[in-house]
Amino acid sequence: MSQADPKATPPATPLKEWPLWEVFVRSKQGLEHKHCGSLHAADAGQALNMARDVYTRRQEGVSIWVVPSAAISASAPDEKGLFFEPAADKIYRHPTFYEIPDQVGHM
C-alpha cells in the first residue's frame, strides 16, 4: 500500500475553473474607476497582480479594483422605464438649485 507524498504539489486548477473577476482602473487624470475588462484568477491578490500586468502596462493607473463577477448585481436594460422613471419627478436631485463654488472645480 503506497502513501501519498506530503511534499507533492497538488494538481493545478485549470484556468477556466478559476472565478471571473471584473477589473476597474483609476487613471492618473481621472477621479473615478472605470471598468476595463475581466480576467480569471484564483483569488483577489492574484487578480490584482494580473490586472496590473494586463491593464496598466504603461503605468497609466493609480488604483485598481477587482470584484468577483458573481458579486455584481445589475438592473436589466429592458426594465429601465420602471427602474429610472420614478426619479424624474424628484427635481431636488438635480444640482440646478445649488451654486457650486469655483474652488470645487471638478463637479
Mind checking whether some residue in region 24-36 is at pLDDT below 75 and acidic (Asp, Glu)? no
For region 15-47, name all the residues that are in a helix (DSSP H, G or I) and either under 30 Å from Gly105 (Cβ atoms) or touching a Phe, Trp or Tyr at 6+ places or on another chain (Cβ under 9 Å) (or both). Ala44, Gln46, Ala47
Failed criterion for Ala51 (all others in (1) in contact (Cβ under 8 Å) with a residue 24 or more places away in the chain; (2) over 20 Å from Leu20 (Cβ atoms) hold): (2)
Residues satisfying the stated conditions in region 84-104, i.e. under 22 Å from Gly30 (Cβ atoms) and modelled with pLDDT under 70: Pro95
Answer with yes or no whether Arg52 is modelled with pLDDT of 90 or more and either of a type in the set (Lys, Arg) or surrounded by 13 or more Cβ atoms within 10 Å (Cβ to Cβ) (or both). yes
Give the residues of region 48-83 that are among the hydrophobic types (A, V, I, L, M, F, W, C), farther than 14 Å from Phe24 by Cβ, within 16 Å of the chain's Cα centre (by Cα) and not in a helix (DSSP H, G or I), sorted by residue number. Ala74
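The values are calculated or read from the model by the stated rules, or taken from the named source; none is laboratory data. Values in this document were obtained by computation on a predicted structure and should not be read as measured data. Cβ coordinates were reconstructed from backbone atoms using ideal geometry, including for glycine residues, and neighbour counts include every protein chain displayed.
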